[in-house]
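Everything below concerns the one structure shown next.
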Amino acid sequence: MDKKLGVYICSGCSIGDSLDTGSLVKIAEGEGKAACCRVHPFLCSREGVDWIRKDLEDDTADAVVIAACSPRVKTDAFAFDPFTVMERVNLREHVAWCQKPRDEDTQMMAEDYLRMGIAKARKMEKLIPVSETISKKILVVGGGVTGMTAAKESADAGYEVLLVEREASLGGYVAGVKSRFPGHPPYAETIHEGIRDTIDAVLYHSKIQVLTSAHIDKIQGQPGMFDVEIEVGGSIVRDRVGAIVQATGWKPYDPSKLGHLGYGSSPDIVTNIEFEEMAAKGRIFRPSDGKPVGSVLFIQCAGSRDKAHLPYCSSVCCMTTLKQAGYIREQNPDAKIYVVYKDIRTPGQYEKYYKAAQEDPLTFFTKGEVVSVEKKSPIGLAATVADTLLGGDIEIKADLVVLAAGMVPNSADGEAIRALEDAELKARTSDSEKQRAEAARKAEELRRHKGTEILNLAYRQGPDLPALRYGFPDSHFICFPYETRRTAIYTAGAVRAPMDSAYAMEDALGAAMKSIQSVELAAQGQAVHPRAGDMSFPDFFLQRCTQCKRCTEECPFGAIDEDEKGTPRPNPYRCRRCGVCLGACPERIISFKNYSVDMIASMIKAIGIPEEEEEKPRILVFMCENDAYPALDIAGLRRLKYDASVRVIPLRCLGSMNIVWIADALSRGFDGILLIGCKFGDDYQCHFIKGSELADRRMENVKETLQRLQLESERLRLTQLSINEPDKLANLINEFADQIREIGPNPYKDM
Amino acid sequence: MDENAKPVLVIGGGIAGITSALEAAEAGCHVVLMEKSAFLGGRVARMYQYFPKLCPPTCGLEINYRRIKNNPRITVLTLAQLESLTGTPGDYEATIKISPRFIRNSCTLCSACVDACPSERPDEFNYGIGKTKAVYLDYAMAFPAMYAIERSACKEGCRACADACIYDAVDLTQKEEKKTVQVSAVIAATGWAPYDAARIQNLGFGSFKNVITNVVMERLAAPEGPTAGRILRPSDGKEPRSIAFVQCAGSRDENHLPYCSAVCCAASFKHANYVRAQYPDADIAIFYIDRRVPGRLEDFLQKLGEDEKTRFNKGKIAKVEEDPATGSLKVTAEDAIRGDRTEQTFDLVVLATGIVPQTDGLPPGFEPDEFRFINNRMEKPGLYAAGCVRRPGEVSAALADATGAALKAFQCAVRSARHG
């Protein structure tokens, strides 16, 4: 049944001064077939909102179009039942505030926007609340301090937990250390007691089930419905969980790669891990002859901050060295301790430990680069250090050299594993020899990922979280540190970023919070970040699917699997509602009830295209609703003026841009099309990770369309824009409009 | 969560407080988020870009504001200060003083009041540089999207704004209000303030115009800032050709802040990027003790290291002197690597001032450590600190912390429901 559209136009905030609202009403009532259309001078007032509410209550209207200010503001005033179809038309920021008042072009713009809003509302369907029985159990992978803390804190919040540890006992690395930093006052002391209390708290918690010597064979399904198969002692344990915390920790950087620092050349050159083991056992001695050590050299950044090894800073080694220097001092008040560093990094309150160490008269800190470490005869070691603060090279003699080796995240790169599998398959099955050779070369490059699986996700895009950089599997590490590219799977501790045990235990809390949140939202059929609370789900009209696999490959969150034939198998609870799949699909078979290819196409269709002789170009602008759209609002707020030929359609993400819209628009006679998305590349700003980049890639196909239509390629432009660039945006629109005028009208206009 | 569960109170509407509030609320918890100023956003709203991605903070803020707008479980109170807190974990009573905004919710941001207002106030958002009208909006994307009036800046008897407003949004008779809420837990996310650089006498801040602080640098670089995004010398508005960054301005100094403020290195490296984006030929010198950029922020340092006109000088600053004729600054520093002293002249000196925890007005129970940070999350049930008031750190660390604090508070809320 057709909707009864209520159209409500605000004439306040200079909308009424700028526009002829009477004409807008005519459009709504005439071609818009609105069930009712009302104009209020202050629509967000109680009276205005009551009009709308009353129309909804007495069934005068069952869907609402509000033509007033930006949908970003007055959300509290226009807050109706979330299942009611509502579309907001931005007549204020995007028309009245940025265009000449009482001008023909301004009026046309407003009328088009109203038509577009009505067209969209007509196509939108009421959302239906979805709720499935889901598991709220949290799976914690890794039984070190991070995993144990995540398990205990989740359980303390009332959630069942399944904790899986691959070793025979809980505790991880920290269980074996002599002492650690507490991370809280008093800062001058280290904690010597082990982590027995934490282990016990986990083992005896009524809500935590612990599996040790366990291996995850498979995780299949989606948030709220992950089916897990875990191998324990030859048998398989099956369970259903709702969310996952990956707390798989770290591994020490492979010391065999530290030959340049002498590792392997003498038993008296050890890593900080080996030194810790020695200290934890009790006596510190020289491994070669068991004698006490009179001098020790710590070499910082052994592997870290080094492009040839670990390009990042491992963050904890400075503190570890200070701690270990303390062990030596405890056993030998006269030992000389040398620390060669690039920079001493003891952030925050940790500075106090450094200060205390500097006060030790026999501990010497030297900035410099270690050039070599050599054995002296008959015994002892000597390091040559360059670029020191003392000028020139110096030689430091020591009984023992400790390499402050860095931390490597104990992660697996799901995308790389998948790429390896693909390459291996192609190397065997490709038709041409050249392709097979190319694939074999690629497979070789990716070989190191072989057998690294941890989570064993049965996901089309690979069995583990994709890594962003250096193996750390996050996606927005500044603003949303726990976000990964797999819904309801969060990382915590040293697998997320290098950190010490005190930080890692706290880090576990955040990942546990996110996991709890994801199961609670899933239970209500709602999306998680960044579209938290969104209750729409994608629908796939699979009868028309051609198995092109674009959706399964492009989904930034790996939400879509596929069967043997390549038909997508959606996992709606993994979906983040960005619409990238909808943009990818050439058959246009993916849609949301409130966002679809057809909906946007009908908005494009609703825009009036003036005749060629009117010399009024029309430019269609697709823009990211998260960043570019607010920037355009701000341009309005600041009353920046820009060309009236543009018609803006906000998209959930530029990655949801379907190229059929471009073809439609060009064949309808639009003179230019501007696509504005977030920055992409290494420092991407896209909230859906690679949406704008995918849109850019689709441009290649669009260029073919342009060529086929014999249209100038300059009619189409994709630009990256930050949210804080409203001036640039207004200028961009003007400059593009000028360019389009120069090119001249689209020849398809009058066809 | 059980609807009987008591809400969580979050003090501080900066990025840490916003994050704590949202993470708890999206998990089902009711939250009261209170902020002492008129708008959310805190320190990060005043930053031009985040390191290391050089992306605008408003990008993440906008998403978070949308999450707040969409979430009926969050109540935002601005111009709010905690007056008292009594009770026990799971069962607190908070009394909150709400100062009048003089603007009602019906405000539409139409700006008629701003156009009509004849009075000005120092622009606090810009650290006192420049002025706004007495009726103001801190920044264009500010939340809540409604003006506020600083009544003390108004001319006596003036009603220009009220007369100009056709939406009945100005109410000059508003009085201070008290609000009492029952809460299960309290998160203090009260953030930080820059260390008062004027106290570091040898660095010349406050005496020499061209000695500025890192937080002011953010405003100079911001397109919305007082110079429309141009980095210019305060003394004469000229483009600086040489800029010195002085690290640890107050931090790691027993006479000032004995701890490391943890973010100033990366912040200055970011500022060097700001300078380079505007002035391809400017000479940049960074005076430091240690360059502290943990984790993958190391990339940021390495990349700056590739800049041919950026020099790193390990060594403390002895003094900064001004040439009164030109406003240029002579910096005398130790060069620890060469083992001697160096004297260099710069057009602009930027002090990397440190982070001072903001603990004023926090109720008893939030116990400060020896540096005045509130670092007591695990020990004290019910009262949790998050972000830079707990430990100096970059945004991502503060947000991880804020998310963790949300869980601790969430646990209290769950228990409060169980116990009725």
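What the table below lists for this structure:
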| read-out | value |
| --- | --- |
| Among residues of the range B:233-276, those that are more than 14 Å from every other protein chain (Cβ to nearest Cβ) and touching a strand residue (DSSP E or B) at 6+ places or on another chain (Cβ under 9 Å), counted | 15 |
| Residue in the range A:479-489 that is of a type outside the set (D, E, K, R), within 11 Å of chain B (Cβ to nearest Cβ), within 30 Å of A:Asn272 (Cβ to Cβ) and without any contact (Cβ under 8 Å) to a residue 12 or more places away in the chain present | no |
| In the range A:298-308, residue nearest to A:Ala335 (Cα to Cα) [restricted to those that are more than 12 Å from chain B (Cβ to nearest Cβ) and in contact (Cβ under 8 Å) with a residue 12 or more places away in the chain] | A:Phe298 |
| Selection count, the range B:304-318, where residues are without any contact (Cβ under 8 Å) to a residue 12 or more places away in the chain and closer than 18 Å to A:Arg345 by Cβ | 1 |
| Residue count, the range A:564-615 (criterion: over 19 Å from A:Met116 (Cα atoms), open to solvent by less than 30 Å² (accessible area, probe 1.4 Å) and touching a residue at least 24 places away in the same chain (Cβ under 8 Å)) | 18 |
| Residue in the range A:226-244 that is in a strand (DSSP E or B), open to solvent by less than 40 Å² (accessible area, probe 1.4 Å), under 16 Å from A:Met148 (Cβ atoms) and in the same structural domain as A:Asp474 (by TED's automatic domain parsing) present | yes |
| Any chance B:Thr345 is polar (S, T, N, Q) and open to solvent by 20 Å² or more (accessible area, probe 1.4 Å) | yes |
| Of all residues in the range B:207-256 being within 18 Å of the chain's Cα centre (by Cα) and either acidic (Asp, Glu) or part of a strand (DSSP E or B) (or both), the one that is surrounded by the most Cβ atoms within 10 Å (Cβ to Cβ) | B:Ala249 |
| Whichever residue in the range A:662-705 is among the polar types (S, T, N, Q) and over 29 Å from the mean Cα position of the chain (by Cα) and, among such residues, is farthest from A:Leu468 (Cα to Cα) | A:Ser667 |
| Residues of the range A:510-535 classified as part of a loop (DSSP other than H, G, I, E, B) and within 13 Å of chain B (Cβ to nearest Cβ), total | 11 |
| Residue tally, condition within 14 Å of chain B (Cβ to nearest Cβ) and among the small types (Gly, Ala, Ser), over the range A:359-403 | 4 |
| Filtered residues of the range A:333-379 (kept if outside any helix (DSSP H, G or I), among the aromatic types (Phe, Trp, Tyr) and touching a Cys at 6+ places or on another chain (Cβ under 8 Å)) | A:Tyr341 |
| Positions within the range A:328-355 being within 21 Å of A:Cys301 (Cα to Cα) and more than 10 Å from chain B (Cβ to nearest Cβ), in sequence order | A:Ile328, A:Lys336, A:Ile337, A:Tyr338, A:Val339, A:Val340, A:Tyr353 |
| All positions within the range B:402-420 that are open to solvent by 10 Å² or more (accessible area, probe 1.4 Å) and facing chain A (nearest Cβ under 7 Å) | B:Lys408, B:Val414 |
| Qualifying positions in the range B:99-151 - more than 19 Å from A:Glu93 (Cα to Cα), among the aliphatic types (A, V, I, L, M), in contact (Cβ under 8 Å) with a residue 60 or more places away in the chain and open to solvent by less than 30 Å² (accessible area, probe 1.4 Å) | B:Ile103, B:Ala148 |
| Complete set of residues in the range A:309-327 that are more than 10 Å from chain B (Cβ to nearest Cβ), under 17 Å from A:Phe275 (Cα atoms) and of a type outside the set (A, V, I, L, M) | A:Cys317, A:Thr320, A:Thr321, A:Lys323, A:Gln324, A:Gly326, A:Tyr327 |
| Among (1) open to solvent by 20 Å² or more (accessible area, probe 1.4 Å); (2) at negative phi - the single one A:Ala335 does not satisfy | (1) |
| Members of the range A:645-684 found to be outside any strand (DSSP E or B), of a type outside the set (Lys, Arg) and open to solvent by 10 Å² or more (accessible area, probe 1.4 Å), listed by number | A:Ile659, A:Val660, A:Ala663, A:Asp664, A:Ser667, A:Phe680, A:Gly681, A:Asp682, A:Asp683, A:Tyr684 |
| Filter pass, B:Gly60 being within 14 Å of chain A (Cβ to nearest Cβ), within 18 Å of the chain's Cα centre (by Cα) and buried (at least 19 other Cβ atoms within 10 Å of the Cβ) | yes |
| Tally, over the range A:380-395, of residues that are open to solvent by less than 10 Å² (accessible area, probe 1.4 Å) and in a strand (DSSP E or B) | 4 |
| Filter result (more than 29 Å from A:Val293 (Cα to Cα) and over 25 Å from the mean Cα position of the chain (by Cα)) within the range A:308-326 | A:Ala308, A:His309 |
| Residue check, B:Arg390 more than 7 Å from chain A (Cβ to nearest Cβ), out of contact with any Cys (no Cβ under 8 Å at 6 or more places or on another chain) and either on the phi > 0 side of the Ramachandran plot or open to solvent by 30 Å² or more (accessible area, probe 1.4 Å) (or both) | no |
| A:Glu421 being under 32 Å from the mean Cα position of the chain (by Cα), more than 14 Å from every other protein chain (Cβ to nearest Cβ) and surrounded by fewer than 18 Cβ atoms within 10 Å (Cβ to Cβ) | yes |
| Hey, A:Phe78 surrounded by fewer than 22 Cβ atoms within 10 Å (Cβ to Cβ), at pLDDT below 95 and within 32 Å of the chain's Cα centre (by Cα) or not | no |
| Residues located in the range A:712-736, provided they are in a loop (DSSP other than H, G, I, E, B) and either open to solvent by less than 20 Å² (accessible area, probe 1.4 Å) or more than 12 Å from every other protein chain (Cβ to nearest Cβ) (or both) | A:Glu712, A:Leu721, A:Ser722, A:Ile723 |
| Residues satisfying the stated conditions in the range A:296-318, i.e. in a strand (DSSP E or B) and open to solvent by 20 Å² or more (accessible area, probe 1.4 Å) | A:Cys301 |
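Results for (1) within 14 Å of chain A (Cβ to nearest Cβ); (2) surrounded by fewer than 23 Cβ atoms within 10 Å (Cβ to Cβ), shown as yes or no for each residue.
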| residue | (1), (2) |
| --- | --- |
| B:Asp2 | yes, yes |
| B:Val10 | yes, no |
| B:Ala25 | yes, no |
| B:Ser37 | no, yes |
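The values are calculated or read from the model by the stated rules, or taken from the named source; none is laboratory data. Predicted model, so just to flag it, every value in this text is computed and none were measured. We place every Cβ from the backbone using ideal geometry, glycine too, and count neighbours over all the protein chains shown. Surface areas here come from the heavy atoms of the whole protein model, side chains and all, with no ligands, DNA or RNA. Shrake-Rupley method; radii C 1.70, N 1.55, O 1.52, S 1.80 Å.
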